[in-house]
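Structure, as structure tokens:
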Amino acid sequence: MHPSALSKYRPFPPVSLPDRTWPDQTLTHAPEWCSVDLRDGNQALPQPMSIEEKLDFFDLLVRVGFKQIEVGFPSAADTEFNFLRRLIDEGRIPDDVTIQVLVQTREPLIRRTFDAIAGAKRAIVHIYNSTSPLQRRVTFGDASRESIRQIAVDGAELVKKLVPTIPQTEVVLQYSPESFSDTELDFALECCNAVIDVWQPTPERKMIINLPDTVQWSTPNIHADMIEWMCRHLSKRDSVIVSLHTHNDRGTGVAATELGLMAGADRVEGTLFGNGERTGNLDIITVALNLNSHGIATGLDFSDLQSIRTVYERVTRLNVPERQPYAGELVFTAFSGSHQDAIKKGLDRRAVEAAQNPELPWGVPYLTIDPQDIGRSYEAIIRINSQSGKGGVAYVLDREHGFDLPKTMHPQVGKRIYDLADEHGRELSIDEIREAFFEEFVNLSSPLDVIDYELIHQTGERGQVQCKASILIHDQKKAIEGFGNGPINAFVHAMEGAGLKDFKVTDYRSHAVRGGSDASAAAYVQVQHDDGRLLWGAGVDPSIEMAGLKALVAAWNLLR
Ligand code: KIV
Ligand code: ZN
């Protein structure tokens, strides 16, 4: 923002609450949850959901475990009304799920809302009117506090009168001072207490006071102060469920909700993936999984987040961003070398320790939860681009392709492959990494190639092996032979006899390739050239001996 624009803005006044207690609270249990996807979420969509799409979304919310679902604003439009009627008339609402309907505190709208819910087993009737000074002045033309409070009281009285007209429906009552987030606290309290006074809730028959962060104007600590202040001052607190409804204008919807819960709220309204007006409503998935990540049960099941996302993206026609907490494509992926290295070490170590202790607490660097707990696999955790390090490439080759490279080979292979990613200017896929590894390090056959070999184990001399090999050097076929205390050593001597030895073998290892389609062996040979250069080559072959020779030849070729 240009500095000259700043004179338009003012600091948000803090709440005077010197004895606030919320900073010392910890979250120990989940709140009641209410999904507002089908109302606040739907009303913010460029293309609202059709009835069929809403039905699909409703079923999804039920599957996830929501027991309270705001299904719409039935007095606002026929589609909303008809959707609700279908839910009720077709018996689609499970017995343990309460639907919620929103309505302004206006008589004809309230009456129509009662028509819409008639026949439901249990319904929350949610009335609201806007209370902030800005709304009173601008939207309602300098309306007085008294007139605004009276609107709430009139609406509450009408609702109270209509409840007995639908005796087969258990009606739960909810009031929101809309724009609570910038309403003077004493006035928000006045409106809420006036409604409480009309509805006369009891501990057995509670009502809900929802305190919306309709627009986020302040930091989450101020929101928490406001909630704690309201919780202290509301009348009949033991008969009132205090509910949060945060939006995300400052990007702090989740923080404001978490601090609001610490400040004493009992209930949370929000949406999946945070769809909603402007920057969205609170993302319930994030708050629930944050609780799960501290070992707290929530009653909501996000163990198959991908299938939830699929339905959500289809019916809302929105996309879940790559960096969305928990659900985003990239949130369990590390590109940077140091992160990859730490994750690899963490997962490896966990595999060993968890085998001994199934109750082992989660603890892998950079991963706040086990991705598998929400249906993500480890496959995508480490991906390779030019920022990646040696550990990441080795991790992919090992976990995805079954090649367990010696540690001292990691830098050589890692550097070559992330240089390649840099040349391409993009991330390399798991298969491209394997291809590049083969192209650059495995079975290199030019200028030297082994065509055939025979190993003759000498009788009498323990460990002595004779190697007869047919090689191709600079396109010329040659037969070579040598003795040694193992196949590699014998082949090195055969190379020496052919004038090809300008190196010594400094390290060697081999293993069966895990998970390969054909049973292959992999071998890695490190050689040191007479000029001091150290290099690894790799060989892959059904025969472990041939894999070793190929690895040596690959290293020799790499020296050229
Ligand atoms: O954000 C808001 O204030 C609302 C109310 C209607 C609860 O959605
Ligand atoms: Zn809202």
Seminar exercise, completed: Scanning region 139-181 residue by residue, those assigned to a helix (DSSP H, G or I), within 20 Å of Asn210 (Cβ to Cβ) and of a type in the set (Gly, Ala, Ser) turn out to be Ala152, Gly155, Ala156, Ser181
Exercise. Within region 506-530, which residues are under 20 Å from Ile473 (Cβ atoms) and either acidic (Asp, Glu) or in the same structural domain as Ala394 (by TED's automatic domain parsing) (or both)?
Worked result: Asp530
Problem set entry | Pair list, Cβ < 7 Å and 6+ apart or interchain, from region 184-202 residues that are not assigned by TED's automatic domain parsing to the domain that holds Ser218 to residues that are surrounded by 20 or more Cβ atoms within 10 Å (Cβ to Cβ) and not in a helix (DSSP H, G or I) | none
Problem set entry | Qualifying positions in region 191-241 - within 16 Å of ligand 2 (Cβ to nearest atom) and in contact with a Cys (Cβ under 7 Å, 6 or more places away or on another chain) | Ile209
Problem set entry | Members of region 161-174 that are touching a strand residue (DSSP E or B) at 6+ places or on another chain (Cβ under 6 Å) and either within 16 Å of ligand 1 (Cβ to nearest atom) or of a type outside the set (Asp, Glu) (or both) | Val163, Thr169, Val171, Val172, Leu173, Gln174
Problem set entry | Number of the exception - Trp229 against (1) in a loop (DSSP other than H, G, I, E, B); (2) among the hydrophobic types (A, V, I, L, M, F, W, C); (3) away from ligand 1 (no atom under 15 Å from the Cβ) | (1)
Exercise. Among (1) buried (at least 16 other Cβ atoms within 10 Å of the Cβ); (2) at positive phi, where does Gly532 come up short?
Worked result: (1)
Problem set entry | Only listed residue being among the aromatic types (Phe, Trp, Tyr), open to solvent by 70 Å² or more (accessible area, probe 1.4 Å), in contact (Cβ under 8 Å) with a residue 12 or more places away in the chain and assigned by TED's automatic domain parsing to the domain that holds Pro542, chosen from Phe503, Phe483, Phe491 | Phe483
Exercise. Among the residues of region 408-420, is there at least one that is aliphatic (A, V, I, L, M) and more than 21 Å from Leu535 (Cα to Cα)?
Worked result: no
Seminar exercise, completed: So, first residue within 9 Å of Asp249 (Cα to Cα) and assigned by TED's automatic domain parsing to the domain that holds Ser307 in region 269-281, second residue of a type in the set (A, V, I, L, M) and more than 9 Å from ligand 2 (Cβ to nearest atom), Cβ within less than 7 Å, six or more apart or across chains; the pairs are none
Problem set entry | Filter pass, Thr310 being without any contact (Cβ under 8 Å) to a residue 24 or more places away in the chain and assigned by TED's automatic domain parsing to the domain that holds Ile285 | yes
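The values are calculated or read from the model by the stated rules, or taken from the named source; none is laboratory data. This structure is a prediction, so every number in the text was calculated from the model and none was measured. No Cβ is skipped: glycine too gets one built from the backbone with ideal geometry, and neighbour counts run over all protein chains shown. With ligands, DNA and RNA removed, areas are computed over all heavy atoms of the protein, side chains included. Shrake-Rupley method; radii C 1.70, N 1.55, O 1.52, S 1.80 Å.
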